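The values are calculated or read from the model by the stated rules, or taken from the named source; none is laboratory data. Since we're looking at a predicted model, the values are computed, not measured. Here the Cβ positions follow ideal geometry from the backbone for every residue, glycine too, while neighbour counts run over all protein chains shown.
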Amino acid sequence: MDKIIKHHSRDHYNAVSHLSRFQRVSTVKDSMSLTNPSPTSYNSHSYRKFDVGRICMEGGIYSRQKCPICKKTLKHDERRKGCFCLDHKEIAATRFEVQFPGGIYQRHCSYESAEQSLLHLRYEKRECEGRFDPQDYRTTRPNSFKVLAPKYLLTKKSLANYSRIKSIIENAAEHFGHCNIRDISGGDIEDYLYGMEGISEKTRFNRCSQLHDFWMWSKKRGKVITLAEFPDFPVIDFELGTRKITNWETQEKVISKVKEISYHINPKIWLGIDMLGTYTKLRPDDLRRVTESSLDNDGILTIHYPTKLKNKFKTLRLHPDHVDEWKALQKKYPALSGAYFFRHTKGIPGCTENERFGDKYLYKWWNKAAAMIGLEGVPLYPGTKHTTATETAKLLGSKKAEEASGLTNKAFKRYCQIENDGIFEVVTTIRRKKKGEVLPFTKSKRED
């Protein structure tokens, strides 16, 4: 018995002195397990923590393999750098597993790899102190960008712009991969965003904004990232420019050309573009969302889940010309009430019958007709919505044009490329004063 106690004390002393000399962590053998092996299937002493100075001694290296002769589990021998049979010293393990408190299990094909992994975990546990999260070191990488991305996208699936969000997040997930989001700095995000070539500053800003929303969502989940670990996102400055537009005369020429070249193929191509050129409240993607039942008997078009609006709908009173055309086309191409109204007809190469128009379909037809009349650099959106907003402001004033557009004042200023009515009134007053014209006298409230 004295020999056993002395042997245990000497083993513990040697292990501790070994740590002091090389300033590294290692597994302290439990000599009692040599005399009374554990019946479990793992080579293991139980998880224990020894602190020599500030050295963490938690976790260990194990092997599930057994000796082919005696069928005993192979035990870890730190001095021999491997796992061996206690009775048959020549039998060594070829597969290893690192176990660490918190449910961390890592498999390795070499002892060197397992040892490095264990040393890293012990170092992180010691340095991070209360901030050490075992989930960060699991093989499933639960807090990595690539694993969190699909969960984030599930929360955005009901949004009208989901496809754009999905594209941004999946592109970022491909770049950051299984990197823990705690380890992604503001500099890494900036390098990623500015590493994209051929995109505008507005697009770069939109991507940055979406990534910021992803990080905010991760912070709200809890145990993923704290406020102190939140990266500093880059500040991206941009200024939205005005688009090149045309006038009503040229716009009407393009729309007439669209009707000439497409009406025999599918009359709805012309109708859609003509509606975009008439109603500034409409967006191209709004048309793709309307169904056969969207137009009621009073000529009111209801668009559910319109572009950029969640859980809302948009209503629009159509002109009698458009109502008549709409109903005539419903008779010509009958369909169920839930079918998309703007859909392909039979016999168009590259298009499936009754499939709704693609998001660029009307855009391509506009460009084709515009090129045929010599109009360049004015695509569908500026050529219809922007042009009509500007021409309406010229004819009826900015206020009425803004009401018809359904836009906020800030957004309308980008669409309507004409001077504000108030500025014109000021200029008129100045001219009258300079020319000596008599200005109308208005009584003040105090004189009444």
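Key figures for this structure:
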quantity	calculated
Residue list for the stretch 162-220, filter: aromatic (F, W, Y) and out of contact with any Asp or Glu (no Cβ under 9 Å at 6 or more places or on another chain)	Y162, Y192, Y194, F214, W215, W217
Subset of the stretch 135-177 [more than 13 Å from S218 (Cβ to Cβ) and in a loop (DSSP other than H, G, I, E, B)]	R138, T139, T140, R141, K156, K157, S158, L159, A160, N161, G177
Residue ranges of helices (runs of 4 or more DSSP H) in the stretch 355-430 with at least 3 members modelled with pLDDT of 60 or more and under 29 Å from S163 (Cβ atoms)	361-373, 387-396
Those residues of the stretch 324-341 which are under 15 Å from I269 (Cα atoms) and in a loop (DSSP other than H, G, I, E, B), in sequence order	Y333, F341
Subset of the stretch 135-163 [loosely packed, with under 12 Cβ neighbours inside 10 Å and either closer than 20 Å to D285 by Cβ or modelled with pLDDT under 90 (or both)]	T139, T140, K157, S158, S163
Elements of type helices (runs of 4 or more DSSP H) contained in the stretch 221-304, each with 2 or more residues being out of contact with any Ser or Thr (no Cβ under 8 Å at 6 or more places or on another chain) and surrounded by fewer than 15 Cβ atoms within 10 Å (Cβ to Cβ)	248-262
Subset tally (residues that are out of contact with any strand residue (DSSP E or B) (no Cβ under 6 Å at 6 or more places or on another chain) and either closer than 13 Å to R182 by Cα or of a type outside the set (A, V, I, L, M) (or both)) for the stretch 140-163	16
Within the stretch 342-377, considering residues that are polar (S, T, N, Q) and closer than 23 Å to I303 by Cα, the one surrounded by the most Cβ atoms within 10 Å (Cβ to Cβ)	T345
Within the stretch 61-126, strands (runs of 3 or more DSSP E) holding 1 or more residues that are at negative phi and acidic (D, E)	75-77, 96-100
Qualifying residue in the stretch 140-156 (condition: outside the structural domain of H212 (by TED's automatic domain parsing), under 24 Å from E78 (Cβ atoms) and of a type in the set (S, T, Y))	no
Matching residues in the stretch 71-113 - criterion: being more than 23 Å from Q135 (Cα to Cα) and in contact with an Asp or Glu (Cβ under 6 Å, 6 or more places away or on another chain)	F84
Single residue of the stretch 118-134 satisfying the filter (at pLDDT below 85 and in contact with a strand residue (DSSP E or B) (Cβ under 9 Å, 6 or more places away or on another chain)) that is surrounded by the most Cβ atoms within 10 Å (Cβ to Cβ)	L121
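For every residue, the table says whether it meets (1) in the same structural domain as W365 (by TED's automatic domain parsing); (2) over 30 Å from I165 (Cα atoms); (3) without any contact (Cβ under 8 Å) to a residue 60 or more places away in the chain.
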position: M216; (1), (2), (3): no, no, yes
position: G222; (1), (2), (3): no, no, yes
position: F238; (1), (2), (3): no, no, yes
position: S256; (1), (2), (3): yes, yes, yes
position: H264; (1), (2), (3): yes, yes, yes
position: W270; (1), (2), (3): yes, yes, yes
position: T278; (1), (2), (3): yes, yes, no
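One line per residue, one yes/no per condition, for (1) in contact with a His (Cβ under 9 Å, 6 or more places away or on another chain); (2) modelled with pLDDT of 85 or more; (3) under 30 Å from T140 (Cβ atoms):
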site	(1), (2), (3)
H7	no, no, no
D11	no, no, no
H18	no, no, no
Q23	no, no, no
N36	no, no, no
R48	no, no, yes
C67	yes, yes, no
A92	no, yes, yes
C109	no, yes, yes
